[in-house]
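Encoded as structure tokens, the structure appears first; notes follow it.
The values are calculated or read from the model by the stated rules, or taken from the named source; none is laboratory data. Quick caveat, the model's predicted, so the values are computed rather than measured. So basically every Cβ, Gly included, is an ideal-geometry build from the backbone, and we count neighbours across all protein chains shown.
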Amino acid sequence: MWFILVLSIVTVSVILERGVFLWTQAARRDPAMVRRIFSLVEKGDPAAAISAGENSGDLVAQVLVEGLKHRDTSLTEAMLEAASAELDRNNRGLVVLDTAVTMGPLLGLLGTVIGMIRAFGVVGAGDLAGNQLAITGGVSECLIAVCFGLSVAIIAIVPLNWLSSRLEKIRRQLESAMTRLELLLRKE
């Protein structure tokens, strides 16, 4: 049961940390800056686009600026590296939540096995007359372990799925912006 308690504390901590991260990131998003970068590149002024977007907190703008800084040598590689760093920051904690979804029920099952061993140990001792409470306590321990193990998994699976879908959405936004920038620069 202690393992399940530790797992639940870690799971809730990760969920809270990801919530604060996403709130901060949403506040930093600046689609107008991304449009401005594209507009300046389209007008043939990549240097102005770099200057405009260099201090932006928007992750798409940061990736585009990184690519523009290296447009003469390795535009695509620079953008891929910057996008990879952003995706890594957004991916943090998902492994912990995935582990909680998998491990919660397994720890509950382990608690069930331990509780049943204790209950059958009492039955095996042969003195059932005074130990009904010990038997029912072991069965109760089994049910509590399963309940808490499943609860951790249930609590973790919704944020895990939501964060995974959000990560995929960010990946698509970055790919779209990177492709658009490459096409605009080819026109020059």
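Report yes if S56 is surrounded by 17 or more Cβ atoms within 10 Å (Cβ to Cβ) and in the same structural domain as I170 (by TED's automatic domain parsing), otherwise no.
Values: surrounded by 17 or more Cβ atoms within 10 Å (Cβ to Cβ): yes; in the same structural domain as I170 (by TED's automatic domain parsing): yes.
When the stated conditions are applied, S56 passes them.
Applying the condition of being exposed (fewer than 14 other Cβ atoms within 10 Å of the Cβ) and modelled with pLDDT of 95 or more to region 10-22 and asking which residue is nearest to S176 (Cα to Cα) yields V20.
Would you confirm whether any residue within region 73-87 is without any contact (Cβ under 8 Å) to a residue 60 or more places away in the chain and either among the aromatic types (F, W, Y) or not in a helix (DSSP H, G or I) (or both)? Scanning region 73-87, I find at least one residue that is without any contact (Cβ under 8 Å) to a residue 60 or more places away in the chain and either among the aromatic types (F, W, Y) or not in a helix (DSSP H, G or I) (or both), so the answer is yes. Given the conditions (1) modelled with pLDDT of 95 or more; (2) within 17 Å of A177 (Cβ to Cβ), report the number of the one that I50 does not fulfil. Among (1) modelled with pLDDT of 95 or more; (2) within 17 Å of A177 (Cβ to Cβ), the lone unmet condition for I50 is (1).
Residues that are more than 18 Å from I155 (Cα to Cα), of a type in the set (K, R) and under 20 Å from the mean Cα position of the chain (by Cα) within region 1-38 comprise R28, R29, listed in sequence order.
Residue count for region 2-59 under the criterion of being more than 30 Å from T112 (Cβ to Cβ), of a type outside the set (S, T, Y) and either touching a Pro at 6+ places or on another chain (Cβ under 7 Å) or assigned to a helix (DSSP H, G or I) (or both): the result is 30. Of the residues making up region 31-41, those that are crowded, with 17+ Cβ neighbours inside 10 Å and more than 15 Å from M178 (Cβ to Cβ) number 3.
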